[in-house]
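Read the figures in this text as sums done on the coordinates, not as results from a lab. Model, not experiment: these values are computed from the prediction. Cβ coordinates were reconstructed from backbone atoms using ideal geometry, including for glycine residues, and neighbour counts include every protein chain displayed.
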Ligand code: PAF
């Protein structure tokens, strides 16, 4: 497995890859778990070569979020990726990706989808995500890029960016990987104490309950979601939102919509957890 530690190195190593091979790309912020590895594995079913980036992107953290505390586990991450047979790992520095500094760097903004749900509380977060993903896609030039459905809003925002800017890459969505108790795998789970880890699966259980109710004919999305917030708060969560929205444009779901997802964000012991469930067939 090759490692490119800066953009110039990346360019050279990409040029050395087989000309006709397809490249699948998995951008990450490291601290890899089975969720990330499922993206890599799916990548290998679609392309001969898989390139992974590990970059904790400061541009997507707000001043109130602790960038320095984000778990960095590079050696372990490289070992896991080598075991998966990954072709090339790109581990750039902040100076390499943002040479003129964060403020001076060109930003990519996707309007509309980014000022609701997580965008309401995490102002500027999605601009940081789309700016770095756009840059990484330009540097790696993959045929396919893979993103997890756990961050469904992020996935929809990136799809819109790629469509709006005519970027020549296929965006592939990979289902959320879950613990046996339903908890969505996330790097943030490592912040939780064992007590909180016992409570955290309630997030998914509550989303499932809404999904079941909708499958059973219920359509009072606001009432169903408010009940989730109340139940989670009673368990010790501090809920940010639980909302039913249309996947096509993230507008609030109406009774006759058929592409509805329930999105939820709630903090437990100060750790912000997000999850969602797509209700497609009913
Ligand atoms: O989902 C993530 O880990 C990040 O938002 C991403 C897509 C790697 C961009 O920094």
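Once you reduce segment 7-72 and segment 176-213 to the center of their Cα atoms, the two points are 25 Å from each other.
Once a ≥ b ≥ c are taken as the square roots of the eigenvalues of the Cα gyration tensor of segment 5-88, is the result rounded (a/c under 1.5), prolate (a/b larger than b/c) or oblate (a/b not larger than b/c)? The shape class here is prolate. Counting only DSSP H runs of at least 4 residues, each contributing -39500 (n - 2.57), and dividing by the residue count of the chain, the helix-based mean residue ellipticity at 222 nm comes to -11000 deg cm²/dmol.
Exposure proxy ranking for 204, 241, based on other Cβ atoms within 10 angstrom of each Cβ and starting from the fewest, stands as 241, 204. With a Förster radius of 45 Å applied to the C-beta separation of residue 45 and residue 256, the computed FRET efficiency comes to 0.80.
Given a Förster radius of 25 Å and the C-beta distance between residue 73 and residue 195 as r, what FRET efficiency does 1/(1 + (r/R0)^6) yield to the nearest 0.05? In this case the efficiency is close to 0.60. Output the 0 to 90 degree angle, nearest 10, between the alpha-carbon long axis of helix 152-164 and the longest principal axis computed from the alpha carbons of the chain. With both axes taken from Cα atoms, the answer is about 50 degrees. If each residue of separation counts as 0.36 nm, what is the full-extension length gain between residue 11 and residue 33 once their alpha-carbon separation is subtracted? So the extension gain works out to 5.2 nm. Using only the C-alpha atoms, the convex hull of the chain corresponds to 133 Å³ per residue. Ranked from largest, the principal axis spans of the Cα set of segment 104-172 equal 33, 31, 17 Å. Percent of alpha carbon pairs in segment 53-158 separated by more than 19 Å? Considering segment 53-158, 51 percent of its Cα-Cα pairs are separated by more than 19 Å.
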